[in-house]
Amino acid sequence: MLAEEKETLNHELNEQTSEPEGTENEAPIEEVFAEADEADAGPDEGTDAELTAANARIAELEGKLEEAENRIYRLQADFENSRRRARLDLEASEKYRAQSLISDLLPALDNFERALQMEAENDQAKSILQGMEMVYRSLVEAIKKEGAEQIEAVGKEFDPHLHQAVMQVEDENFDSNIVVEEFQKGYKLKDRVIRPSMVKVNQ
């Protein structure tokens, strides 16, 4: 009898312990791994978002920096252009400072030239003409000191930059496009024409 009871107890015990080891712990172990995966995934996603935001911010700042640099370059270029224009204006102002005065004197010189073409009938008239000639020469010398000079015309080839043709003729004594006669003297100040010569040109 004792042997049978012992065998029965052993059989029941074997049935209770016949389940594979670790079966009761499978569910908790899977949950632990799942939680671990979630824990690992959580910080990565947050880091990616922060990295994306940081890259976007960097790109934005780089764009602003490039725009600021371009603006600085443009301002520098504008400043250099303004400085160059101011220097050129100052040089031109110094170079042609007497232009306005000379332009105002030209009608007076024209009148002197016309008066000096008159013939003196007596000594008094000759004396007056001599005085006028002295004044005329003084004015011409004064404007020459400022860089002004008369434009050569008669016998020269017609130059539209220097001459203003008011008449055309056919003269066998002159070649084509040659200035035959000058009606009014032209003047230039250094390399700038103040007034072109009024001329007659051979066709």
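The values are calculated or read from the model by the stated rules, or taken from the named source; none is laboratory data. Keep in mind that what you see is a predicted model, and the values were worked out from it rather than measured. No Cβ is skipped: glycine too gets one built from the backbone with ideal geometry, and neighbour counts run over all protein chains shown. Side chains included, ligands, DNA and RNA excluded: accessible areas come from the protein's heavy atoms. Shrake-Rupley method; radii C 1.70, N 1.55, O 1.52, S 1.80 Å.
Residue count for the stretch 143-192 under the criterion of being in contact with a strand residue (DSSP E or B) (Cβ under 8 Å, 6 or more places away or on another chain) and part of a strand (DSSP E or B): the result is 21. Listed by first and then second residue, the pairs with beta-carbon distance under 6 Å, at least 6 apart or on different chains, first residue in the stretch 160-176 and under 14 Å from LYS188 (Cβ atoms), second in a strand (DSSP E or B) and modelled with pLDDT of 90 or more, are HIS163/SER197; HIS163/VAL199; GLN164/MET198.
Assess whether SER127 counts as being farther than 14 Å from LYS200 by Cα, open to solvent by 50 Å² or more (accessible area, probe 1.4 Å) and out of contact with any helix residue (DSSP H, G or I) (no Cβ under 6 Å at 6 or more places or on another chain). So SER127 passes the test. Residue pairs whose Cβ atoms lie under 9 Å apart, sitting 6 or more positions apart in sequence or on different chains, and linking a residue in the stretch 122-138 that is closer than 26 Å to ALA148 by Cβ to a partner that is of a type in the set (A, V, I, L, M) and open to solvent by 100 Å² or more (accessible area, probe 1.4 Å), are LEU129/MET118. Checking each residue in the stretch 116-137 for being at pLDDT 90 or above and among the β-branched types (Val, Ile, Thr) picks out only VAL135. Is there any pair with a first residue in the stretch 70-99 that is within 23 Å of GLY147 (Cα to Cα) and a second that is in a helix (DSSP H, G or I) whose Cβ atoms are under 8 Å apart and which are 6 or more apart or on different chains, and what are they? Qualifying pairs under 8 Å: ALA98/ILE143.
Among ARG74, ARG87, which is the only one that is open to solvent by 80 Å² or more (accessible area, probe 1.4 Å) and within 30 Å of LEU189 (Cβ to Cβ)? Exactly one of ARG74, ARG87 is open to solvent by 80 Å² or more (accessible area, probe 1.4 Å) and within 30 Å of LEU189 (Cβ to Cβ), namely ARG87. Taking the criterion of being farther than 27 Å from LYS190 by Cβ, acidic (Asp, Glu) and part of a helix (DSSP H, G or I), the only residue of the stretch 90-131 that qualifies is ASP123.
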